[in-house]
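Chemist: A single structure is presented below for examination.
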Amino acid sequence: MSERAVTPARQAPPRGRRRGVLGWLDVRGRRLGGWAFILNRVTGLGVLFYLYLHLIVLSQLAAGPSSWNALLNWFLNPIFLVLDVVLLAGLLIHGLNGIRLTLVEFGLVVSRQKALLLAFGTVGVIVLLIGALRFLSDVGAK
Amino acid sequence: MAGRADESGALSAPGERPVRWAPEERDTLPGVGWGWQAVTGALVLVLVTLHMIANHFVVKGGLRDYQEVIAYITNPVILPLETLFLVVVSWHGLLGLRAVIFDFGLSVRAERIVTRVLLGVWVVTVLYGLTLLAILVTHP
């Protein structure tokens, strides 16, 4: 199985679609699966960027309690908590879409794709709302 | 393997582009490719859910202060899980980045270089994470 085989953009690219990342912006002939593919790549890159940011920030733990706790107070201001909600949204989109993609790729629920999308979308929105309420209630909590 | 060009493009005429490998022959490492992205993705899904709940949902105030981080990370169940999370999530992320880079349509040679560089990034990431974990576990 090649990773290229699963990129909808490659399955039926319209004539003249640009290669590479700019091709993602090409709306011609793109169906639902194509949009999901783009969304997965964009959220994946975003979450990967966050992962490295997160790993760098964690190095402050090695500097001891005062450094870490000072940083923590900073992260409990509303701007960062809103960014946490954005992060959760990215994780939910990428994770749920990843499950959907894997199910479809292994030949499961191929005929019920729209229902699957609706179900996962509903789950995602509910978890995001719970997360947003949880995170935003933490403003200045420590 | 018959019909396959070596790195010097031995099957091609001089000055001609080397014969491009079939897509399924491009991956030079185990653990690379779409199937692995699904496998690591499934693992990441479980581990990230645990990580988010443990660090941001159940903790008072939504974030762990220093003492809470130490208590969490020295837990004998949590430590191996978070270590596994580090190893698997960085692999999954860099493998995804590799797929995005490959979307630009690189030569086989450039793709190989990308694969090796990203493998190096992964090794450094894991070593960095393990070092940080070791510091936190041994100097609470």
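Chemist: What is the interface area between chains A and B, defined as buried accessible area summed over both chains with a 1.4 Å probe, reported in Å² to the nearest 100? Show your work: numbers first, answer last.
Modeler: Numbers: alone 10230 and 9290 Å², together 15820 Å².
Accessible area lost upon association: around 3700 Å².
Chemist: I'd like to check one number: the per residue accessible area of the range B:32-138, probe 1.4 Å, reported in Å² as a whole number. Provide the component values of the computation, followed by the final result.
Modeler: Details: 4860 Å² over 107 residues.
I get 45 Å² per residue for the range B:32-138.
Chemist: Please arrange B:ILE135, B:ILE70 by accessible surface area, largest first, computed with a 1.4 Å probe and ligands excluded. It would help to have the intermediate numbers written out before the result.
Modeler: Details: B:ILE135 65, B:ILE70 10 Å².
Sorted by accessible area, descending: B:ILE135, B:ILE70.
Chemist: Points 7 angstrom from Cα along the Cβ direction at B:VAL46 and B:ARG116: gap in nanometres?
Modeler: 3.5
Chemist: For A:VAL109 and A:ILE56, FRET efficiency with R0 = 35 Å and r from the beta-carbon atoms, rounded to 0.05?
Modeler: Numbers: r = 39 Å, r/R0 = 1.12.
About 0.35, to the nearest 0.05.
Chemist: Would you mind calculating the gained length between B:VAL100 and B:VAL77 on full extension (0.36 nm times residue separation, minus the Cα-Cα distance), in nm to one decimal? Please list the in-between numbers first.
Modeler: Working: separation 23, 0.36 × 23 = 8.28 nm, distance 3.48 nm.
Taking 0.36 nm per residue and subtracting the Cα distance, the gain is 4.8 nm.
Chemist: Calculate the spin-label point distance for A:TRP35 paired with A:VAL139, positioning each point 7 Å from the Cα along the beta-carbon direction, and give it in nanometres.
Modeler: Each label point is offset 7 Å from its Cα along the Cβ direction, giving 3.3 nm.
Chemist: Work out from phi, with θ = phi - 60° and the Karplus expression 6.51 cos²θ - 1.76 cosθ + 1.60, the ³J(HN,Hα) of each residue of the range A:115-120, listed in order in whole Hz, and give x for Gly and Pro.
Modeler: Each residue's phi maps through the Karplus curve to give 5, 4, 4, 5, 4, 5 Hz.
Chemist: Over the range A:32-136, what is the mean sequence separation of C-alpha contacts under 8 Å (at least six apart), divided by residue count, expressed as relative contact order in percent?
Modeler: On the way: 51 pairs, mean separation 36.6, N = 105.
Value for the range A:32-136: 35 percent.
The values are calculated or read from the model by the stated rules, or taken from the named source; none is laboratory data. In this text the structure is predicted, and so the values were computed from the model without any measurement. Cβ coordinates were reconstructed from backbone atoms using ideal geometry, including for glycine residues, and neighbour counts include every protein chain displayed. Just the protein is used for accessible areas: all its heavy atoms, side chains included, with ligands, DNA and RNA removed. Shrake-Rupley method; radii C 1.70, N 1.55, O 1.52, S 1.80 Å.
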